[in-house]
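What follows is a set of notes on a single structure, which appears directly below.
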């Protein structure tokens, strides 16, 4: 295993939650705990990205975001990482391809809030993502209907499974929408209130 990379054994199911985490907040921790509970995951890795190509604003420095994320989420089953920076990837499809090559036999599940599914069709090679790993979509305030009727949801409707635990061991394409108690925390709202360094 490469130095600085998380450890995962063959047969493990690892959820991947990507984002700028600018800053990490209780909403991220909440959907992580729910994913661990409802999807039968062994681990969740937070992939703190170098930047988001869909956002014009550049995030805070990586070291600050990693520190804040580690303060927010201290569960031993959760790894806070800068894997995309280490891999040299920016697009999720490339990150997944490299992780699958580095971790043969590890079953990855991409995790996202329902708000991301609404605009998922704008992601680079979004169809490749859905065809490479199962995707677990967790409810977020105000996004339920829009997520369920999104371009990606309609395009992959026949691949939707009923519950999150049905993603464990399932081959892609497969995705689920999981209703969970809502947490309205938002990185942009935290920044707007001045609660996070600019």
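Based on this model, can you work out whether residue 152 counts as buried (at least 17 other Cβ atoms within 10 Å of the Cβ) and either at pLDDT 95 or above or outside any loop (DSSP other than H, G, I, E, B) (or both)? Yes, satisfied.
In region 106-115, the condition of being outside any strand (DSSP E or B) and within 25 Å of residue 27 (Cβ to Cβ) is met by at least one residue.
Taken as a whole, the structure places residue 101 among residues that are free of Cβ contacts under 8 Å to residues at least 24 places away in the same chain and over 22 Å from residue 176 (Cα atoms). With the requirement that a residue be at pLDDT below 80 and assigned to a loop (DSSP other than H, G, I, E, B), what does region 155-171 give you? Of everything in region 155-171, just one residue is at pLDDT below 80 and assigned to a loop (DSSP other than H, G, I, E, B), namely 163. Residues in region 155-168 that are in contact with a strand residue (DSSP E or B) (Cβ under 8 Å, 6 or more places away or on another chain) and either surrounded by fewer than 17 Cβ atoms within 10 Å (Cβ to Cβ) or without any contact (Cβ under 8 Å) to a residue 60 or more places away in the chain (or both): 156, 159, 160, 161, 162, 163, 166, 168. At pLDDT below 95, within 20 Å of residue 173 (Cβ to Cβ) and touching a helix residue (DSSP H, G or I) at 6+ places or on another chain (Cβ under 9 Å): is that true of residue 118 in this structure? It is true that residue 118 is at pLDDT below 95, within 20 Å of residue 173 (Cβ to Cβ) and touching a helix residue (DSSP H, G or I) at 6+ places or on another chain (Cβ under 9 Å). Among the helices (runs of 4 or more DSSP H) confined to region 1-94, the ones with at least 2 residues that are crowded, with 16+ Cβ neighbours inside 10 Å, touching a helix residue (DSSP H, G or I) at 6+ places or on another chain (Cβ under 6 Å) and on the phi < 0 side of the Ramachandran plot are located at 26-38, 83-87.
Among the conditions (1) over 22 Å from residue 13 (Cβ atoms); (2) over 13 Å from the mean Cα position of the chain (by Cα); (3) outside any loop (DSSP other than H, G, I, E, B), the only one that residue 97 does not satisfy is (1).
The values are calculated or read from the model by the stated rules, or taken from the named source; none is laboratory data. All of these numbers come straight from a predicted model, not from anything done at the bench. Cβ atoms come from the backbone with ideal geometry, glycine included; neighbour counts cover every protein chain shown.
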